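Below is one structure, written out as structure tokens; the observations come after it.
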Amino acid sequence: MLARVWSASIVGIDAVKVGAEVDVSAGLPAIVVVGLPDTAVQESKERVKAALKNSGYAFPMRRIVVNLTPADLRKEGPSFDLPISVGILAASDQVSPQMLGDYLFLGELSLDGSLRPVAGVLPIAAAAKKLGIAGLVVPAANAREAAIVEGLTVYGCKSLAEVADFLNDPANYQPVEVNGLEELAKSRFVGPDLKDVKGQAHGKRALEIAATGGHNLIFVGSPGSGKTMLARRLPGILPPLTFAEALEVTQIHSVAGMLKDRGSLVSDRPFRSPHHSASGPSLVGGGSFPRPGEISLAHRGVLFLDELTEFKRDVLEFLRQPLEDGYVTISRTRQSVTFPAQFTLVASTNPCPCGYFGDSIQACTCKPFQREQYWAKLSGPLMDRIDLQVIVSRLKPEEITRQPLGEASAPIQERVQAGRDRATHRFKSEPSLRCNAEMQSRHLRDWCQLDDHSRNLLEAAIRKLGLSARATDRILKVARTIADLAGEEEIKSDRVAEAIQYRTIDRMQ
């Protein structure tokens, strides 16, 4: 007898509908899986056989052929355990086949028949809704994640026996319901607060500008100056995620398998901090079945690269295209996938190998050529893409012991939100733009007009600092953000001057 069960496979962060055709016929007992299955899918034969027996069902001692369609799409992962099991039960008349065409089935089976959570359920749920599928049957641990998609019926089951009982008598089961907006409203950021940082007014100002305009930022300073402390407080002043942004972020984390124990929705902006020993594929994503890397996991959030000059130069060069385009494309022989990567880059580094060049307390021991080689690790095109370049000085002893706490993150976040609201109003004719850092050259001509005084000031800076056209555009974007923070429509010369000062370490040696 033949049975067909619907499932899905992940390609990038999108989902493709997959059919599991199961044929039970006369012949020597065997299970054959065809349709470009990977090792995990091939191994499902043993998991399925043990799970069926340990759940109290008869395993047909006949020839079983499982065809995963479409045949030219590579299938990977253990999520096909459940649809294959259901197909065998239906083909051997142990469950009713009437509802098989209306639902997608996903889940990994343990040998005792219990269902384990799998990755990528949210994008599969979103694709199922677009395809007109009535609902999903998933492991109970994935149910709330799938139920975030409005208008989709989701049933969460703890075991294969529950799935079989549901197919035979669905009236005994209630679908899982989740209100995504309520889930997002429950979010309360509990990360570090800027009020804990004493002094460093220049660094805090740069953080506020970066948060408002989505600008990339680098802190340069000696060890112990507070670079990392400042960077880790950026998420606390960023505007909260909108529901649409939260869905984007959650889909990426779902594909990466990072939602199994985190609930239904990623409600805080991501903060990713890979070690300087990270490889290029770990940053941009990769693998035979491409998976998102750190830059995609930081989508709509912050990617923090501590000790930037300790990263390999070729690894840092992987960042150039995503910083410019907001996405990364990974090509393989059989497929090419695109992952979103719109993040704010925050980096920190010492000014020289010993770390004390320009320090007011400890003398630098580096030779000029050593400092030159040190900064040569950062290419000009990469530095051009970093809008705000800030020198952070160590606090004096009296500042550490006597200075009061600084301004809390909450009021700064309110100013950031007000600045972004001004930008959003300006972008009403360009809904794809979310912040000033995403503006293109054509937008600068319309929204970053300068008077003669401001233009002369910018031209002088270009000549003196040797700035590229890209760096000049970055200055205009930062000046636009500073004006937004001040509630000004026009970009005045003092706003341009402040933006220029954030380019002063472009060629630091």
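Points to keep in mind about this one:
- Taking each residue of segment 221-242 that is within 20 Å of Val266 (Cβ to Cβ) and free of Cβ contacts under 8 Å to residues at least 60 places away in the same chain and looking for partners that are open to solvent by less than 10 Å² (accessible area, probe 1.4 Å) and assigned to a loop (DSSP other than H, G, I, E, B) with beta-carbon atoms closer than 8 Å, six or more apart or interchain, yields Leu241/Val266.
- For segment 435-461, the tally of residues that are open to solvent by 80 Å² or more (accessible area, probe 1.4 Å) and over 18 Å from Glu498 (Cα atoms) stands at 4.
- Residue in segment 309-329 that is surrounded by the fewest Cβ atoms within 10 Å (Cβ to Cβ), counting only those that are touching a helix residue (DSSP H, G or I) at 6+ places or on another chain (Cβ under 7 Å) and without any contact (Cβ under 8 Å) to a residue 60 or more places away in the chain: Asp314
- Matching residues in segment 110-153 - criterion: being among the polar types (S, T, N, Q), at pLDDT 95 or above and surrounded by 18 or more Cβ atoms within 10 Å (Cβ to Cβ): Ser114
- So Lys260, is it modelled with pLDDT under 90 and of a type in the set (D, E, K, R): yes
- Those helices (runs of 4 or more DSSP H) of segment 389-487 in which at least 2 residues are without any contact (Cβ under 8 Å) to a residue 12 or more places away in the chain, over 30 Å from Asn350 (Cα atoms) and out of contact with any His (no Cβ under 9 Å at 6 or more places or on another chain), considering only elements entirely within it, cover 409-426, 441-447, 452-465.
- Complete set of residues in segment 352-384 that are within 28 Å of Gln321 (Cβ to Cβ) and either assigned to a helix (DSSP H, G or I) or at pLDDT 90 or above (or both): Glu372, Gln373, Tyr374, Trp375, Gly380, Pro381, Leu382, Met383, Asp384
- Taken over segment 154-166, the criterion of being buried (at least 22 other Cβ atoms within 10 Å of the Cβ) and not in a strand (DSSP E or B) is satisfied by Leu160, Val163, Ala164.
- If only residues of segment 284-308 that are among the charged types (D, E, K, R) and in contact with a strand residue (DSSP E or B) (Cβ under 7 Å, 6 or more places away or on another chain) are counted, the one that is surrounded by the most Cβ atoms within 10 Å (Cβ to Cβ) is Arg291.
- Out of Val266, Val255, one residue alone is of a type outside the set (S, T, N, Q) and in contact (Cβ under 8 Å) with a residue 60 or more places away in the chain. It is Val255.
- Meets criteria (among the acidic types (Asp, Glu) and under 18 Å from the mean Cα position of the chain (by Cα)) for Glu248: yes
- The single residue among Gly132, Gly151 that is among the small types (Gly, Ala, Ser) and either in a helix (DSSP H, G or I) or touching a residue at least 12 places away in the same chain (Cβ under 8 Å) (or both) turns out to be Gly151.
The values are calculated or read from the model by the stated rules, or taken from the named source; none is laboratory data. Keep in mind that this is a model prediction, so the values were computed, not measured. We place every Cβ from the backbone using ideal geometry, glycine too, and count neighbours over all the protein chains shown. Just the protein is used for accessible areas: all its heavy atoms, side chains included, with ligands, DNA and RNA removed. Shrake-Rupley method; radii C 1.70, N 1.55, O 1.52, S 1.80 Å.
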